Amino acid sequence: MPGRLFIDAPLADAAREAGVPAPPAAEPRLDISPGEPLWTLTVDGFREMRWGLIPSGRTNARGRPVLETLINARSETVFDKSAFAGLKRAVVPINGWYEWTGPPRRKTRWALRDRDGGWLWCAAVWDEWQAPGGTRVAQLATLTCAPNAEVAPIHDRMGVMLSAEAIRTWLRGDEPEARALCTPLPDGRVAVSETPAPDTARG
């Protein structure tokens, strides 16, 4: 499932594909980590959000707030769990993501992208978290589903990747319509290639 992302094309191209105004100019980012900002498309257009969501109202057995950050949320349960109640939907345009396989210290990093070089639109949920001191932070979690044939040998989950035609439905459709989009990319859509370790390819 996506734990590191990359964007190696102008976001203006993604905006044109989605038929929306482009966000401010942004440099390619070849190794995006959780906790970093992402340009995210909502019903109101692009805005920057932190990748990592602290669900509102989560408490532990003692009734204290749980501040655990969720990077990914399972699409099978995100519409049903109370921790995600009231969240809004968004999409994150990327060119691909990374996965690792192998033993510690000898892991192989794989880059996964659209086989035709197109944009991948990650389904996400978001809200604004009120941090201590009153600061409000726009935050998101990307959604995951079962893997397709190319991803399965590397990981047992993959991101929910939407087509450009499905963006409007994901952002504005009703819940049954949104649930129906939470499926893996069709087999044959993902190209997988070995890529250098993060310390030599981080952007």
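Read-outs: derived from the displayed coordinates by stated rules, not from any lab. Everything quoted here is computed from the prediction, not taken from an experiment. Because the Cβ atoms are built from the backbone with ideal geometry, glycine has one as well, and the counts that use them run over all protein chains shown.
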Legend entry - Among (1) 23, 21, 17; (2) 38, 16, 15; (3) 25, 21, 18, the entry derived from the coordinates for semi-axes √(5λ) of the Cα gyration tensor in Å: (3)
Legend entry - Length-normalised contact order of the stretch 128-177 in % [C-alpha pairs under 8 Å, at least 6 apart]: 22
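Count charges around LEU171 for me, please; just the other residues with Cβ under 10 Å from its Cβ, Lys/Arg as +1, Asp/Glu as -1.
Taking every Cβ under 10 Å from that of LEU171, the sum is +3.
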Inset, instruction - Using Cα pairs closer than 8 Å and at least 6 residues apart in sequence, work out the relative contact order for the chain, in percent. - result: 23
Legend entry - Rounded to 5, the percent of DSSP beta bridges in the chain classed as antiparallel: 90
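Helix-only mean residue ellipticity at 222 nm, the chain, DSSP H runs n ≥ 4 weighted -39,500 (n - 2.57), per residue, nearest 500. What is it?
-2500 deg cm²/dmol, from helical runs alone.
Taking the Cβ of ARG189 as the centre, find all other residues whose Cβ is under 11 Å away and add up their charges (Lys, Arg: +1; Asp, Glu: -1).
Values: positive: ARG113, ARG115; negative: ASP114, ASP116, GLU150, ASP187.
That sum, taken over residues with Cβ under 11 Å, equals -2.
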